[in-house]
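For reference, the structure is listed below as structure tokens.
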Number of protein chains: 2
Amino acid sequence: MLDGKNIIGYDRTQRGNVTFRTINPILNKENEIVFYEASREEVEEAVGLAHSAAGFYAETSKETRARFLRSIAEEIMALGDDLIDLYCSESGLPEGRARGERGRTVGQLELYAKLVEEGSYVQPSIDTALPHREPNPRVDLRKMMVPVGPVVVFGASNFPLAYSSAGGDTASALAAGCPVIVKGHPMHAGTGNIVSSAIAAAARKHGLPEGVFSHLNSKGHGVGEALVKHPHVKAVGFTGSHGGGRALFNLAASREEPIPVFAEMGSVNPVILLPEILKKEKDSWARTIAGSVTLGSGQFCTNPGILMGIENSDLDRFTELLSEEILRISPSTMLHPDIAEKYNRGREQAREQKGTSIIAELSDTAKPNVGRPTILKVKAADFRENPRLHQEVFGPFSLLVICQNIEDLERSVALIEGQLTASVIGTPEELAGYDFLLRQLKERVGRLIFNGVPTGVEVCASMHHGGPYPATTDNRFTAVGEDAINRWLRPVCFQNCPDSLLPPALQNANPLSLLRRVNGKLTRDKV
Amino acid sequence: MLDGKNIIGYDRTQRGNVTFRTINPILNKENEIVFYEASREEVEEAVGLAHSAAGFYAETSKETRARFLRSIAEEIMALGDDLIDLYCSESGLPEGRARGERGRTVGQLELYAKLVEEGSYVQPSIDTALPHREPNPRVDLRKMMVPVGPVVVFGASNFPLAYSSAGGDTASALAAGCPVIVKGHPMHAGTGNIVSSAIAAAARKHGLPEGVFSHLNSKGHGVGEALVKHPHVKAVGFTGSHGGGRALFNLAASREEPIPVFAEMGSVNPVILLPEILKKEKDSWARTIAGSVTLGSGQFCTNPGILMGIENSDLDRFTELLSEEILRISPSTMLHPDIAEKYNRGREQAREQKGTSIIAELSDTAKPNVGRPTILKVKAADFRENPRLHQEVFGPFSLLVICQNIEDLERSVALIEGQLTASVIGTPEELAGYDFLLRQLKERVGRLIFNGVPTGVEVCASMHHGGPYPATTDNRFTAVGEDAINRWLRPVCFQNCPDSLLPPALQNANPLSLLRRVNGKLTRDKV
């Protein structure tokens, strides 16, 4: 139901007097529907409901939670093409992307449903009593993970589905047993509105308490700040800009009770091109990198914003090929006029820095809000001296850093800040010879890619979508894949607890058939 | 070697001009040896060495790290009775405690040596490529935990061995592959000095790089602050007061690159006495609780600082018995005149609060720095109104909160802040009847104890020594047991990495024979 209201438990409310609309960036005009920014009272109500629901929801069975997650997926699919149309009208992204992202969103819900059903993510650990141990007996100790409590999720501008209302943060938190309050992204408030309606419908279908899920509209910072400061909120998931993520982190750290903020704040994802491979594979890498830089108009946190290579005739030729590939790409609309404007400002600022020059820049187009693919180059010495060139320009942009030799390359890599990813392109032989470089990179990233580009984040157990600051505010946790559930869990130990009072995961009979660590051994056996 | 100097890598330095001495609290006089507070230059040097050593140390084999940890234990044992005597002269604690704590320290080193040897703590996870998957192929992804980098450990006043130079934080960080810089606790600087000499000797024996371990003396806050603010420091372990822990947390959160602080800041560890069990087992529980309150002069973070019961004649009689037991205990010296003075101030402040009265208080003794065991009581209504009564009084002190009925008890429990532990004493039948109470407690603690007291923290995999704020600054991690190693690790994912360039833990052949998650299944098989 697209009505522009806030969804608070099973209520739909519009108590505030601030309204806003979304924009269709292709048409460059406002969409019709009016959204009601949540008032402080509505924030308070959503958090209050989440707090009340937390105890009950934490104790729901794994079957209930798995069914709930699958119902959300079904309700989303049942929105049909209305969802696809709305998504496209609010994001300017093409239909194929909308369908793909819906598929990923539904796939993530299924992934967490399976994870919850399997159940071992609660990491049950049992050390049985040793009453006759000398000099002191050992008591019975049993530990498992439990949900942290209400979680606030900030919708991401660049993933209206997969990192917003029913995206990875929400799905993993609901799977963990935490109520979720989504602060919707104002650029795709309508998409958030109807996806959140689908979640509320699924919650109601399974008789879950009001407050397991709420969705609040907000165009400014006030609603988000109020949510993060609220004493009943226990953790925060955020995907967005460095400024936004750091501000939320600071707010959360300055609370009377500090809470974790999992902010994923983007990255320049350096791609290092080693010399041997460029002798032979210039064409294909030029094509692949041009595709990665411009994919989704460059609006991915894994966009390769820095390329690095060693100066020689092969790199010169690669540069020409890259330029040709870039100019061949038909440019696409960015998510929002504000983002397009910020992109243009970022490109211009980069061009004004000492030593930069243009390799490729798509000429202006008549279409509004288009992100013009742009590649600059700069000598490594100038790059190292100028921290502004190390910053992300969000959009289809990359900066080729030209190094004199391997030492020059290593010195440049040593100055790179924390990143989600780094990629190294090289022949097997030369990769083996760049041991020091690989170690340097490993210290700076969450994911080290060999002969591949950073875009395309597989959703699986071995993925780590995270990285040292400033890529994220907590590099110990991933935002993608099964392990993302760990962000919303904390351990509790039960000492000498009667079997019947233990959570099922820790009972002697192992009624949930979980894989458990029992006296140091992993087993599904009874105790 | 007891020389009062700072230990920086393999150097012993005394470059600052601030000196201090430790105090023998039993004799109430200064010990002879003079300690040299680390200068800013020495801080810089220690961190610089740790930073330089980090890459090499992170790549050492599991065998090397296990041998290093065992050598530390051997070197500590080789200090013999000199260590025991020094420990006692700086802490006032009895010889038995010194030997027991040394045993625990050596035991922890062995535990982490075994954990490293087994090796699965790096949580290897492999998802192999699916080149023919539709619509997109899957790339090969492999993830494992790697060390975070240099760690700063603050020595704890109340554990000169088990939570100081070679204590649980240091042992788990060294096991993880992180260099450690200890900021020694000034109250037992000599113990820190010789134990750190033992660690340095073990490092040298195994040819580890300088800077894998350093130990800095400091009486004030400056050295600790400089360490936590240093950009090359990546994580902090702390056990101590709320004020100290929170200050370090704030400092770390306000860095340009925020880092995690694992501060364990004490707790009042409520013990709830249910009515049925007190009908029969008054004597034994009075004895057990009196023992727990006064153990180690109450200088444990798990000291039971609040008792709660429901008013009736059984509780009255229990109170009398508890008083008798307390008065029978021979009082012991506290760690330091400052701690004894602070304890007395805390006791007096508690006594001055509205509604409190004395159940038991040991009369004054001629011995200096003795912690006089004290039990106060207060009605639940007064307790709830007065947050000061919820605060820890560090020492052999407890406050009995007398509730009118079960509702009164539940309302009081609902006001309790985050705790390391809570204990419930009851018959099996009545425990089963207090479901709501147990849930309330579970939300507030890291360890829920049934029919036991909180003192006595087993070092094992199922232990969780942590808890919601303000008990700790990060309730997702334990400070005791195998899982404490997780505080010093972060994940890295390798995408499409040639087998020979992968860390051994992730190579196809599984040369380390680790238990790995391969395509969703736990196995020690090759890929």
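Observations, loosely collected:
- Scanning the stretch A:124-167 for residues that are free of Cβ contacts under 8 Å to residues at least 24 places away in the same chain and under 26 Å from A:LEU216 (Cα atoms) yields nothing.
- Test: residue in the stretch B:475-491 that is touching a strand residue (DSSP E or B) at 6+ places or on another chain (Cβ under 9 Å), more than 7 Å from chain A (Cβ to nearest Cβ) and among the basic types (Lys, Arg): yes
- The residue list B:ARG97, B:ARG102 contains one member that is closer than 27 Å to B:TRP488 by Cβ and within 22 Å of the chain's Cα centre (by Cα), which is B:ARG102.
- Among residues of the stretch A:443-465 being out of contact with any strand residue (DSSP E or B) (no Cβ under 9 Å at 6 or more places or on another chain) and more than 8 Å from every other protein chain (Cβ to nearest Cβ), the one that is least open to solvent (accessible area, probe 1.4 Å) is A:THR455.
- Cβ pairs under 7 Å, 6+ apart, first in the stretch B:428-456 and assigned to a loop (DSSP other than H, G, I, E, B), second open to solvent by 20 Å² or more (accessible area, probe 1.4 Å): B:ASN451/A:ASN496; B:GLY452/A:VAL139; B:GLY452/A:ASN496; B:VAL453/B:THR288; B:THR455/B:LEU295; B:THR455/B:PHE300
- The residues of the stretch A:338-367 that are at pLDDT 95 or above and farther than 28 Å from A:ILE402 by Cβ, listed by number, are A:ASP338, A:ILE339, A:ALA340, A:GLU341.
- Each residue in the stretch A:376-405 was checked for being assigned to a helix (DSSP H, G or I) and among the acidic types (Asp, Glu), and 2 of them qualify.
- Scanning the stretch A:150-169 for residues that are open to solvent by 10 Å² or more (accessible area, probe 1.4 Å), touching a Leu at 6+ places or on another chain (Cβ under 9 Å) and either assigned to a loop (DSSP other than H, G, I, E, B) or aliphatic (A, V, I, L, M) (or both) yields A:SER157, A:ASN158.
- Given (1) of a type outside the set (Ser, Thr, Tyr); (2) without any contact (Cβ under 8 Å) to a residue 24 or more places away in the chain; (3) within 13 Å of chain A (Cβ to nearest Cβ), number of the condition B:PHE262 does not satisfy: (2)
- Beta carbons closer than 6 Å, at least 6 apart along the sequence or on distinct chains, pair a first residue in the stretch B:37-60 that is under 30 Å from B:PHE20 (Cβ atoms) and within 13 Å of chain A (Cβ to nearest Cβ) with a second that is surrounded by fewer than 22 Cβ atoms within 10 Å (Cβ to Cβ) and not small (Gly, Ala, Ser) for B:HIS51/B:HIS232.
- Scanning the stretch A:493-504 for residues that are surrounded by 22 or more Cβ atoms within 10 Å (Cβ to Cβ) and either assigned to a strand (DSSP E or B) or more than 8 Å from every other protein chain (Cβ to nearest Cβ) (or both) yields A:CYS493, A:PHE494, A:GLN495.
- Qualifying residue in the stretch B:471-482 (condition: more than 30 Å from B:ALA290 (Cβ to Cβ) and not in a loop (DSSP other than H, G, I, E, B)): yes
- Members of the stretch A:381-399 that are surrounded by 24 or more Cβ atoms within 10 Å (Cβ to Cβ) and either more than 28 Å from the chain's Cα centre (by Cα) or not aromatic (Phe, Trp, Tyr) (or both): A:PHE383, A:VAL393, A:GLY395, A:PRO396, A:SER398, A:LEU399
- None of A:ASP316, A:ASP364 is farther than 30 Å from A:TYR434 by Cα, free of Cβ contacts under 8 Å to residues at least 40 places away in the same chain and either outside the structural domain of A:THR191 (by TED's automatic domain parsing) or not in a loop (DSSP other than H, G, I, E, B) (or both) except A:ASP364.
The values are calculated or read from the model by the stated rules, or taken from the named source; none is laboratory data. Worth saying up front: this structure is predicted, and the values here are computed from it rather than measured. FYI the Cβ positions are ideal-geometry reconstructions off the backbone, even for glycines, and counts take in every protein chain you see. Surface areas here come from the heavy atoms of the whole protein model, side chains and all, with no ligands, DNA or RNA. Shrake-Rupley method; radii C 1.70, N 1.55, O 1.52, S 1.80 Å.
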